[in-house]
1. If a residue has to be under 23 Å from Val69 (Cβ atoms), modelled with pLDDT under 85 and either open to solvent by 60 Å² or more (accessible area, probe 1.4 Å) or assigned to a strand (DSSP E or B) (or both) to count, how many in the stretch 109-124 make the cut?
2. Do any strands (runs of 3 or more DSSP E) entirely within the stretch 245-356 hold 1 or more residues that are open to solvent by 10 Å² or more (accessible area, probe 1.4 Å) and modelled with pLDDT of 90 or more, and if so, which?
3. If the requirement is being at pLDDT 80 or above, closer than 30 Å to Phe271 by Cα, open to solvent by 30 Å² or more (accessible area, probe 1.4 Å) and not in a helix (DSSP H, G or I), which of these qualifies: Val180, Val176?
4. Limited to the stretch 297-325, what total is found for residues that are in contact with a Lys or Arg (Cβ under 9 Å, 6 or more places away or on another chain) and either closer than 30 Å to Thr261 by Cβ or among the β-branched types (Val, Ile, Thr) (or both)?
5. Given the condition assigned to a strand (DSSP E or B), in contact with a strand residue (DSSP E or B) (Cβ under 6 Å, 6 or more places away or on another chain) and open to solvent by less than 30 Å² (accessible area, probe 1.4 Å), answer yes or no: does some residue in the stretch 187-194 qualify?
6. Only one residue in Leu223, Leu214, Leu219 is within 20 Å of Ser255 (Cα to Cα), touching a strand residue (DSSP E or B) at 6+ places or on another chain (Cβ under 9 Å) and hydrophobic (A, V, I, L, M, F, W, C). Which one?
7. For Pro76, which of the numbered conditions (1) closer than 18 Å to Pro21 by Cα; (2) in contact with a Ser or Thr (Cβ under 9 Å, 6 or more places away or on another chain) fails to hold?
8. Please list, ordered by first then second residue, the pairs with beta carbon atoms under 7 Å, 6 or more apart or interchain, first in the stretch 241-253 and touching a residue at least 60 places away in the same chain (Cβ under 8 Å), second of a type in the set (A, V, I, L, M).
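The values are calculated or read from the model by the stated rules, or taken from the named source; none is laboratory data. The structure presented is a predicted model; accordingly, all values stated were derived computationally and were not measured. Cβ placement follows ideal geometry from the backbone for every residue including glycine, while neighbour counts extend to all protein chains displayed. For accessibility, only protein heavy atoms count, side chains too; no ligands or nucleic acids. Shrake-Rupley method; radii C 1.70, N 1.55, O 1.52, S 1.80 Å.
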Amino acid sequence: MTRTRAHIAGLSRLLASAPQPVYALDAERTIVFANAACEAWTTRAADTLLGRRCDYQTGYRSDGAADPVHGLCPPPEAFLGRPSIIEVTARDAAGQWQTRAADCLPLGDDTTGGAGVLVIVRPSAVAPPPAGAELAAAELHRRLRTVLQTSFERLGLPQVVGASPAIARVRQQVQVAGVVDARVLVVGPPGSGRETIARAIHYRRTAPSPLAPLACNLLDAELLESTITSFVAGCAELQIERPAALLLLEVDQLSPDAQHTLAGILSIGEFNVRTLATARQSLVELAAKDRFRQDLAFALSTLVVHVPPLSQRILDVPLLAQFFLERFNAAGGKQLSGFSADALDQLVAYPWPENADELADFVQQACQGTAGPVIQPADLPDKLRATASADNHPPHSDDMIVLPEFLAEIEKELLQRALRKTKGNKAKAARLVGLARPRFLRRLEYFGIE
């Protein structure tokens with residue numbers, strides 16, 4: 001035993017003095033060893049590394065801030081007991097990600113069970129490509145980090161993750177809207193993250209001020225006026241550097257009387273409150289069709305952010321799906337590396353009527369149900385696989401049934417029945433149909449069910 005301990009101590013000294021970065025993780029992905037070269041490469045002292053848990057993600061927290069320790073986490077396949085060559089990343093003093101190949105060696109054996117991995121970082125930057133399903137997952141993981149470094153890090157919004165020109169334009173608009181006090185209108189379909197984007201615009205400012213969300217589809221003229229008056233009075237008692245803001249949700253659903261009231265309030269010269277609004281359609285276009293008050297439409301549309309439906313940026317679906325998967329990993333439980341090529345094909349083929357919110361729900365369900373570490377088509381929700389099956393086996397042209405529309409009609413009828421049975425109690429109706437209440441409310445909004 002004494003000799004064994006001496007050998008272990010000698011090995012520890014050897015690894016500690018190695019010229020290349022070396023670190024070890026236990027079976028729970030906690031860093032238990034890091035040598036001096038690893039400290040130099042990561043620009044982090046050993047006491048800030050040791051004891052930290054790594055998750056297989058790109059290295060960003062949900063608010064967009066970088067958390068580089070996760071770049072050291074090997075993919076889940078590395079913990080299956082086989083030596084492999086992987087890619088790991090560290091963030092240098094200039095804030096740039098540095099990618100290197102590394103030898104990942106399993107610790108433990110079949111008898112003792114997996115005890116973790118030892119990672120020896122190579123000087124080279126490129127690792128040999130993995131094989132099979134691991135290749136698609138590793139490539140998406142790499143691409144996602146590049147996209148997040150140029151977008152998510154500054155905005156912290158999953159809704160703007162992507163490489164398409166349409167979403168790049170949204171990112172630019174959000175950045176501009178976040179540094180000025182102009183009135184902003186965020187236009188997009190339900191599920192595209194309009195409210196989240198509007199809130200992010202408000203809180204991007206260095207000195208954020210109070211924000212009052214108002215559900216315009218539920219407010220009549222009298223309640224709208226009293227709510228705004230109370231909010232402004234409360235803000236007058238605060239010491240704030242920037243104007244307070246109203247978040248007008250679904251402003252295109254505002255009644256004509258309430259539109260008249262809001263237009264009058266905004267025309268008051270002393271009314272120093274910013275507005276951020278969300279709508280399904282452009283207010284100026286609605287005004288041109290006499291469906292919205294024209295002067296109010298122009299007043300609320302100083303800066304317009306158009307969020308495209310996910311079906312119009314379908315090439316962003318794989319990156320968004322990988323983002324949501326790695327956000328699942330960040331919870332610290334089961335770790336997954338990505339999607340198989342066939343699973344990605346099904347995701348891309350789906351029409352996404354509920355946009356990014358629906359994709360997030362589908363990925364969450366697949367992550368919870370899969371045995372991992374790569375999500376296969378069989379792991380995807382039944383609704384998505386049913387649509388893919390229908391696409392592969394279209395009905396005869398003389399008896400065509402459009403499956404998504406057919407399923408949507410059935411779903412709408414079930415939602416209406418549940419509401420009738422529970423006399424309009426949405427919480428009980430959600431439980432009756434087996435949905436979480438937030439998802440139930442989104443489905444009501446999507447189908448326009450009051």
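1. Pass one, the stretch 109-124, residues under 23 Å from Val69 (Cβ atoms): 114-124.
Those still in the list that are modelled with pLDDT under 85 too: 114-115, 124.
Narrowing further to those that are either open to solvent by 60 Å² or more (accessible area, probe 1.4 Å) or assigned to a strand (DSSP E or B) (or both): 114-115.
Result for the stretch 109-124: 2.
2. 245-249, 303-306
3. Within the list Val180, Val176, the selection yields Val180.
4. 8
5. Yes, the stretch 187-194 has at least one match.
6. Details: Leu223 fails: touching a strand residue (DSSP E or B) at 6+ places or on another chain (Cβ under 9 Å); Leu219 fails: touching a strand residue (DSSP E or B) at 6+ places or on another chain (Cβ under 9 Å).
Residue meeting the stated conditions: Leu214.
7. It is condition (1) that Pro76 fails.
8. Taking only residues 6 or more apart or on different chains, the pairs are Arg242/Ala207; Pro243/Val273; Val251/Ala277; Val251/Ala279; Val251/Leu300.
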